[in-house]
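Read-outs throughout are calculated quantities, based only on the coordinates presented, and are distinct from any laboratory measurement. Keep in mind the model is a prediction, meaning the values are calculated, not measured. Cβ sites come from the backbone with ideal geometry, for glycine too, and all protein chains shown count toward neighbours.
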Amino acid sequence: MSRETNPTTPEIVPESWLPIECLEQAEGSLRARVLFPPSSAWFRGHFPIHPILPGVAVLAAAVEPLLISARAKGRSLWIAGFTKVKIRRLTFPGDRLDISIQDMPAHKEAELVFQVSCRGEKVCQGIVHVTEEQEP
């Protein structure tokens with residue numbers, strides 16, 4: 001997930017393509033809140049009568065705080081993959097997601113635990129595999 005390929009930049013958090021309302025860092029973890037309004041492009045065509053947020057959007061939201069934090073520290077991360085992902089609840093237009101993810105340690109590779117919830121209910125959890133991109 002390269003930062004250069006993200007098409008839009010909302011005003012809430014600079015250089016973020018998701019509607020992140022807040023980002024907090026504390027003791028090796030990051031917390032963020034993301035609101036997906038009914039007008040979000042993520043809902044177009046998925047599904048017109050009963051729109052739900054695609055699982056890939058939930059995973060993108062889960063790692064976005066990590067990418068923002070790393071970029072602020074001058075680091076460029078690459079998401080190598082996910083394991084042990086469990087999607088436990090659907091996400092609908094207007095839902096506000098609370099994200100918790102471990103922060104990237106000093107070394108170049110890590111497996112970081114994340115959790116996404118909505119109104120206290122788990123939406124998704126898993127492990128993201130991250131590597132630091134090397135300068136050319």
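Please report, in debye to the nearest 20, how large the charge dipole of the range 3-132 is about its Cα centre when each Lys and Arg carries +1 at its beta carbon and each Asp and Glu carries -1 there.
It comes to approximately 360 debye.
Return the FRET efficiency for the residue pair K73, L35: r is the Cβ-Cβ distance, R0 is 25 Å, and the value is rounded to the nearest 0.05.
Calculated value: 0.50.
Counting only helical runs of four or more DSSP H residues, what would the 222 nm mean residue ellipticity of the chain come to if each run contributes -39,500 (n - 2.57) and the total is spread over all its residues?
-4500 deg cm²/dmol
Tilt of helix 55-72 relative to the longest C-alpha principal axis of the chain, in degrees (0 to 90, nearest 10)?
In the chain, helix 55-72 runs at an angle near 40 degrees to the longest axis.
List the GluC sites (Glu not before Pro) in the range 47-136 that DSSP assigns to loop (not H, G, I, E or B) and whose Cβ has at most 16 other Cβ atoms within 10 Å. Which are they?
Taking the range 47-136 and a limit of 16 other Cβ atoms within 10 Å, the loop GluC sites (Glu not before Pro) found are E133.
Running a GNM on the chain with Cα contacts under 10 Å, which residue among I79, I49, I99 ends up with the highest mean-square fluctuation?
Checking each option, the largest mean-square fluctuation is seen for I49.
What's the exposure ranking of T83, T91, T131, going from fewest to most Cβ atoms within 10 Å?
In increasing order of surrounding Cβ atoms, one gets T83, T131, T91.
Residue by residue, what Karplus-based ³J(HN,Hα) values in Hz, rounded to whole numbers, does the range 113-127 have, using 6.51, -1.76 and 1.60 with θ = phi - 60° and x for Gly and Pro?
7, 9, 8, 10, 9, 9, 6, x, 9, 5, 9, 7, 8, x, 10
Near the amide H of L97, under 5 Å away, which other amide H atoms are found, from residues 5 or more places off or on another chain, if H is placed in the peptide plane?
V34, L35, F36
Full extension from H50 to H129: what is 0.36 nm times the residue separation minus their Cα-Cα distance, to one decimal in nm?
25.2 nm
Could you derive backbone 3J(HN,Hα) for the range 86-94 from the dihedral phi with the Karplus parameters 6.51, -1.76 and 1.60 (θ = phi - 60°), listing whole Hz in sequence and x where the residue is Gly or Pro?
In residue order, the calculated couplings are 10, 9, 10, 7, 6, 10, 10, x, x Hz.
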